[in-house]
Each structure stands twice: as C-alpha cells, then as structure tokens.
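The values are calculated or read from the model by the stated rules, or taken from the named source; none is laboratory data. Bear in mind that the values here come from a model prediction, so they are computed numbers and not experimental data. Positions of Cβ are generated from backbone atoms using ideal geometry, with glycine treated the same way; all protein chains shown enter the neighbour counts.
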Amino acid sequence: MALTRRTALTAAAAGTAAALGLGAAGASPAHARAGRPGRRALYVSPDGRGGFSSVQDAVDAVPGPGATIVVAAGTYRETVLITAAAQGLTLLGATGDPRDVVIVHDTANGTPKPTGGTYGTSGSATVTTQAEGLTVRHITFANDWLRADHPDITGTQAVAVKVQGDRSAFHRCRFLGHQDTLYADTLAADVLARQYFEDCYAEGDVDFVFGRATAVFDRCRFRTLDRTDLAAPPYGFVFAPSTTAADPHGFLATRCRITSAAPDAAYKLARPWVPSSDTTAVPMLTVRNTWLGAGIDAAAPYADMSAAHPWQSMRFREYADTGPGARVTDPAARPQLTAAQAASATREAYLTGADGWTPWRGH
C-alpha cells in the first residue's frame with residue numbers, strides 16, 4: 001500500500017474491539033491462544049476496553065519477561081519504545097491480518113524537535129524495539145511522513161520501525177514508508193543482533209531496508225514506489241546494509257519477491273552504507289532464490305553510496321535469482337555465489353547459533 005494519502009492507512013485499519021467480538025478481555029480467543037498470553041497478557045483496543053488504548057501504555061505496563069500484548073484492530077497514531085526490560089515480549093495483532101492493526105506516526109530526520117534541533121534518522125522511528133527475544137505477528141508499522149508535505153525539510157529519512165534486539169522475529173508484518181522504512185540494527189557497533197522476517201511486506205524508495213543487523217528475510221515481498229519528484233532514475237535502492245567487519249553475516253533475502261510501482265529499471269537492488277561512525281564496515285547482502293521484477297536495473301543493480309567505499313569491495317552476492325530484474329548481462333556487475341558457497345547462505349547458518357534459535361518453527 002503506497003502512502004500517497006494518510007487516509008488510506010486509517011481506512012485499512014478501521015475496527016474496534018467490539019466489532020471483532022473481543023469480549024471484556026479485548027482479545028480474540030483463537031489469536032490469544034496463538035500468542036500464549038496467559039496471566040501476563042495485556043490487551044489494547046482503540047476504545048480502551050481491553051485495559052489500554054495506547055500500545056505504549058501497554059508496553060510500559062509489561063510486568064516482566066515473557067509477556068504478551070494483544071492489539072485489537074485499529075489505527076494507533078503514536079510512537080512506541082520497547083526497551084530491553086521487555087525481554088521475550090510477544091506483540092500480537094488480534095485479527096491475524098496485519099492490515100487491521102496499524103501503528104503509525106509522521107516524523108522525519110529533519111523534523112524540528114520542540115526543544116530544538118531535529119529528530120535524526122533514529123529519532124524518526126514510529127516504533128523502536130530494543131528487547132531480546134521479541135516476537136511480533138500480524139501488525140503494520142508505518143511512517144506516513146511525506147516529502148511533498150514538507151518541501152522545507154531536507155532530512156527525509158522517516159523510519160517505520162527500528163529493530164535492535166537479538167532474536168527478534170517478525171511474522172506476517174507490514175512495513176510502510178518511503179526512505180529508510182525498515183531499520184534492522186543493533187544496540188551498538190560491537191554487539192551482534194539476529195533478526196528474522198518471515199512472510200512480511202516492506203515498501204519504500206530510498207534505502208528502505210537498511211542497517212547492520214544479521215537479518216534474514218524469508219519469503220518476504222518488497223515493493224519499490226513510484227516517484228514524481230525526480231526527473232530520471234535511479235529512484236532509489238531496496239537494500240542498504242551497514243554490516244560491521246566483525247560480523248560474518250549481514251542481510252540474507254531468500255525466496256523473496258521484489259515488485260515495483262515505478263518504471264522499468266528505475267531502481268537499484270542495493271548500495272553499501274558505510275556510516276561515518278564505523279568507516280571499517282563491510283556491508284553484506286546475499287539475495288538468493290528470489291524473483292526480481294523489471295523495476296530493478298538488471299544491467300547495473302548496485303551503486304555506491306560513497307566513492308570512498310565502492311560496492312565492488314563489499315560482500316554483495318546473488319544466487320539462483322529469477323525474473324527480468326535478475327538477468328545477468330555482465331557477470332562483474334552482479335557477483336554470484338557458487339553452489340558450495342550457497343550451501344552456507346541459509347537462514348540456519350545465519351541465525352541458529354549456539355543457542356539453537358529457530359524462529360521459523362513452532363508458530
């Protein structure tokens with residue numbers, strides 16, 4: 001869903017706890033069982049019948065590790081911070097359809113703060129999560145800040161969700177925005193964080209999936225948006241990893257699908273982000289067994305963010321991709337994994353670790 005109109009978000013998320021038949025507790029019994037809420041369950045609905053009308057208020061009331069928050073259908077216009085204290089939290093959309101439960105705000109990097117200065121990219125996030133062991137299902141995260149509404153602002157990054165905690169898993173969620181939509185990050189440059197996104201949808205234009213986390217995107221859909229503010233391509237980039245040199249794994253997109261609302265070849269697949277705070281970063285991206293639509297520039301799918309850090313010196317690879325945007329016309333322009341290398345480019349190799357984390361099981 002393109003964020004061309006803010007009203008589209010509201011219409012997509014209409015509904016109340018009463019309309020869902022949530023009862024006094026505010027949660028659909030079937031989905032409550034799926035989230036294993038038990039005695040630590042907290043319930044959020046727009047009318048407050050579940051005990052809370054704000055997601056942040058429910059987060060602040062989490063009694064300890066392992067809690068569940070069930071969120072009824074509705075649009076929750078707020079910013080949310082899930083701190084490390086909410087370890088093992090499950091955040092569950094009550095209806096099972098992520099279009100019904102929308103958490104949205106409209107802040108950009110360059111938005112002025114009431115106390116002076118601007119919010120910056122991280123401060124623009126609608127939702128920031130820092131807790132380890134976070135599980136999220138069936139929720140839409142959005143930032144509906146629009147460039148056209150703010151021609152005076154040049155810092156146009158507007159994050160929908162910033163994920164920092166290790167063992168964070170998102171199942172059937174949606175991430176809507178334009179620039180810097182989904183920030184897959186860590187708590188610090190010397191801290192690793194594994195993140196798993198399964199059957200999710202993300203859309204945007206510039207670097208809309210970015211960060212330094214070890215992140216696997218499994219059967220996800222990505223959509224590049226059209227732009228009327230640019231005269232010619234490139235319109236933007238799907239991925240912008242900033243993997244640290246010490247991290248053996250960066251971004252892995254496997255069994256995904258990339259479509260576009262823009263003209264053919266208007267988008268690059270990726271560019272490396274080497275931030276000024278970590279000039280030794282060696283961004284890593286592997287795209288495998290993924291369908292790339294005609295919106296991706298097949299002849300030159302990668303570009304530099306900075307001439308000082310050319311993409312050719314980074315860890316960008318592909319394997320067994322299909323579709324018009326995956327056509328290999330120049331092998332040097334899109335490096336490929338060998339079959340032996342591809343055997344190590346799996347969700348298990350990236351995520352399981354010594355603790356045996358397998359977030360694709362048991363849900």
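Whether a residue is crowded, with 18+ Cβ neighbours inside 10 Å, under 14 Å from the mean Cα position of the chain (by Cα), under 25 Å from Arg271 (Cβ atoms) and touching a residue at least 60 places away in the same chain (Cβ under 8 Å) was assessed, and Arg174 passes this test.
In the set (1) closer than 23 Å to Pro46 by Cβ; (2) among the hydrophobic types (A, V, I, L, M, F, W, C); (3) part of a strand (DSSP E or B), Ala169 fails one condition alone, (1).
Entry remark, segment 336-355: residues being of a type outside the set (Gly, Ala, Ser) and either surrounded by 14 or more Cβ atoms within 10 Å (Cβ to Cβ) or in contact with a helix residue (DSSP H, G or I) (Cβ under 7 Å, 6 or more places away or on another chain) (or both) number 7 in total.
When Ile103 is tested against the conditions (1) under 19 Å from Lys162 (Cβ atoms); (2) assigned to a loop (DSSP other than H, G, I, E, B), the lone failure is (2).
I'd like to check something: does segment 74-87 contain any residue that is part of a strand (DSSP E or B), touching a Ser or Thr at 6+ places or on another chain (Cβ under 6 Å) and surrounded by 23 or more Cβ atoms within 10 Å (Cβ to Cβ)? Scanning segment 74-87 turns up at least one residue that is part of a strand (DSSP E or B), touching a Ser or Thr at 6+ places or on another chain (Cβ under 6 Å) and surrounded by 23 or more Cβ atoms within 10 Å (Cβ to Cβ). Every condition in (1) surrounded by 14 or more Cβ atoms within 10 Å (Cβ to Cβ); (2) closer than 16 Å to Thr243 by Cα; (3) of a type in the set (Val, Ile, Thr) is met by Thr280 except one, and the failing one is (1). Scanning segment 335-363 for residues that are under 29 Å from Ala294 (Cα atoms) and free of Cβ contacts under 8 Å to residues at least 60 places away in the same chain yields a total of 10. Being closer than 13 Å to Val80 by Cα, of a type in the set (Gly, Ala, Ser) and part of a loop (DSSP other than H, G, I, E, B) is the filter here, so list the residues in segment 116-130 that pass it. Scanning segment 116-130 gives Ser124, Ala125. Do you know which residues across segment 58-106 are within 15 Å of Phe170 (Cβ to Cβ) and at pLDDT below 95? Passing the criteria: none in range.
The residues on offer are Asp226, Asp218, Asp205, and the sole one that is at pLDDT 95 or above, surrounded by fewer than 17 Cβ atoms within 10 Å (Cβ to Cβ) and not aliphatic (A, V, I, L, M) is Asp226.
This table checks each residue for (1) in a strand (DSSP E or B); (2) free of Cβ contacts under 8 Å to residues at least 12 places away in the same chain; (3) in contact with an Asp or Glu (Cβ under 9 Å, 6 or more places away or on another chain).
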{"residue": "Thr228", "(1), (2), (3)": "no, yes, no"}
{"residue": "Ala240", "(1), (2), (3)": "yes, no, yes"}
{"residue": "Ala262", "(1), (2), (3)": "no, no, yes"}
{"residue": "Pro275", "(1), (2), (3)": "no, no, no"}
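Within segment 184-192, is even one residue outside any loop (DSSP other than H, G, I, E, B) and closer than 24 Å to Ile103 by Cα? Yes, segment 184-192 contains a residue that is outside any loop (DSSP other than H, G, I, E, B) and closer than 24 Å to Ile103 by Cα. Residues in segment 131-160 that are of a type in the set (Lys, Arg) and within 23 Å of Ala86 (Cα to Cα): Arg137 only.
Every residue, every condition in (1) surrounded by fewer than 19 Cβ atoms within 10 Å (Cβ to Cβ); (2) touching a Lys or Arg at 6+ places or on another chain (Cβ under 7 Å); (3) at pLDDT 95 or above; (4) not aromatic (Phe, Trp, Tyr), yes or no:
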{"residue": "Ser260", "(1), (2), (3), (4)": "no, yes, yes, yes"}
{"residue": "Asp264", "(1), (2), (3), (4)": "yes, no, yes, yes"}
{"residue": "Ala270", "(1), (2), (3), (4)": "no, no, yes, yes"}
{"residue": "Trp273", "(1), (2), (3), (4)": "no, no, yes, no"}
{"residue": "Leu292", "(1), (2), (3), (4)": "no, no, yes, yes"}
{"residue": "Gly295", "(1), (2), (3), (4)": "no, no, yes, yes"}
{"residue": "Pro301", "(1), (2), (3), (4)": "no, yes, yes, yes"}
{"residue": "Ala307", "(1), (2), (3), (4)": "yes, no, yes, yes"}
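For segment 312-342, residues that are hydrophobic (A, V, I, L, M, F, W, C), closer than 19 Å to Cys256 by Cβ and not in a strand (DSSP E or B) total 5. Within segment 139-159, the set of residues being within 13 Å of the chain's Cα centre (by Cα) and part of a loop (DSSP other than H, G, I, E, B) comprises Ile139, Ala158, Val159.
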